[in-house]
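Following: one structure in structure tokens, then a few remarks.
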Amino acid sequence: MTSSSREKLIRSTQALMLSRSYSATGVDDICRDARVSKGSFYHQFSSKEDLAIAALGDFYEAGLKKLLAINLSDVPPERRLLAFLDAIAKQGPNVGTDGCLTGALASEMSRSSQSLQPEVCRSFSEQVERLDPLMEPRGG
């Protein structure tokens, strides 16, 4: 299985789980949408949960990269939150407009998935830790 097939599976999973939900998205749906055989799917991922964890990780890293690129060093502390939100809006389509896979999985998996639950919690916690310095006063 090529890395482009892996990427197709991850992208399809993200889109389908955002539009339908984790529970309403099956492996067959993902394979069909990604145009990848079921054998190729299972060659790369052991389960739908395994793929969902990979899709969540990719979604998180891509979003965090965009957020961390926002430079607020010249913005007074009392204006940082508004400047941060303005910068997000200027990044264009797909920045929070298509939904948040982390939030969607958190809502749906909060009690039902032993594998996804800690990944979602880790994702939220790490995002808070990584973004917190953007809001700190200069020199602090």
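Annotations
- Search result, residues across region 88-104 that are in a helix (DSSP H, G or I) and either among the hydroxyl-bearing types (Ser, Thr, Tyr) or modelled with pLDDT of 85 or more (or both): 102
- Residues (basic (Lys, Arg), more than 23 Å from residue 124 (Cα to Cα) and assigned to a loop (DSSP other than H, G, I, E, B)) located in region 1-60: 35
- Of the residues making up region 8-51, those that are without any contact (Cβ under 8 Å) to a residue 40 or more places away in the chain and more than 18 Å from residue 102 (Cα to Cα) number 21.
The values are calculated or read from the model by the stated rules, or taken from the named source; none is laboratory data. Quantities reported herein were computed from a predicted structural model and do not represent experimental measurements. A quick note on method: Cβ atoms are made from the backbone with ideal geometry, for glycine too, and the neighbour counts reach across all protein chains shown.
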